[in-house]
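The values are calculated or read from the model by the stated rules, or taken from the named source; none is laboratory data. These numbers were taken from a predicted model, which means no experiment stands behind them. Here the Cβ positions follow ideal geometry from the backbone for every residue, glycine too, while neighbour counts run over all protein chains shown.
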């Protein structure tokens, strides 16, 4: 019996190493892993806390201006009023009053439909929002329909009074003025547009492309459109069609 047992423990693999003990060790780890698996899967999920009213207001303002790389500070002018509000079971909703910009002194609407206690509440919270950023202003008078170049504008750094400022040069240079822009005026999204590839009243080439066919015709554009935008066209027969502007032509997919 001893000789047989000794032979079993001394058996070697082709590489010259014993493997009987390794097999037992591997089996032990497999047994432990199967026993611990239910414990791992049964771990409780983490429940994130609901932001407070103050945190919700600050997050809302930061999210609205984050894409422009600005430094934003939010001062709540009546923090005592927020401290008296019941906690909300869900993140409160924030909205900006119509016609107001998310900068300077204003009041934001804060609403909670599911408070932890009491009835749903809605309040107007006075805040002071300061935005420090890089922005562009007109160096000189920019006339209507003028294509903007680096000679027309200048970049500055400081506090801006509205959040729709433009900070990226590619959003300014090469764009067209929708109206006259006075010297020193802040350049905003609503003051500029892309260069129109198609203009209202222009005769344009219409390309109708489908499965196995490509038909060309002409028509009159009924509006202005930049590259990639949609425009409505009246064909020679009087039919109204809508297509996408690409390279000065209007492409229609039936």
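So the values come out like this:
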| read-out | value |
| --- | --- |
| Residues within the stretch 187-197 that are in a loop (DSSP other than H, G, I, E, B) and touching a helix residue (DSSP H, G or I) at 6+ places or on another chain (Cβ under 8 Å), tallied | 0 |
| Residue satisfying condition, being exposed (fewer than 13 other Cβ atoms within 10 Å of the Cβ), in a loop (DSSP other than H, G, I, E, B) and either in contact with a helix residue (DSSP H, G or I) (Cβ under 6 Å, 6 or more places away or on another chain) or at positive phi (or both), within set 184, 174 | 184 |
| Qualifying residue in the stretch 131-144 (condition: farther than 26 Å from residue 179 by Cα, touching a strand residue (DSSP E or B) at 6+ places or on another chain (Cβ under 6 Å) and touching a residue at least 40 places away in the same chain (Cβ under 8 Å)) | yes |
| The lone exception for residue 161 - which of (1) surrounded by 13 or more Cβ atoms within 10 Å (Cβ to Cβ); (2) touching a strand residue (DSSP E or B) at 6+ places or on another chain (Cβ under 7 Å) it fails | (1) |
| Test: residue in the stretch 148-158 that is surrounded by 13 or more Cβ atoms within 10 Å (Cβ to Cβ), at pLDDT 90 or above and not in a strand (DSSP E or B) | yes |
| Residues that are farther than 14 Å from residue 92 by Cβ and modelled with pLDDT of 75 or more, drawn from the stretch 45-62 | 62 |
| Odd one out for residue 166 among (1) without any contact (Cβ under 8 Å) to a residue 12 or more places away in the chain; (2) within 24 Å of residue 99 (Cβ to Cβ) | (1) |
| Selection status of residue 212, within 28 Å of residue 174 (Cβ to Cβ) and either touching a helix residue (DSSP H, G or I) at 6+ places or on another chain (Cβ under 9 Å) or exposed (fewer than 11 other Cβ atoms within 10 Å of the Cβ) (or both) | no |
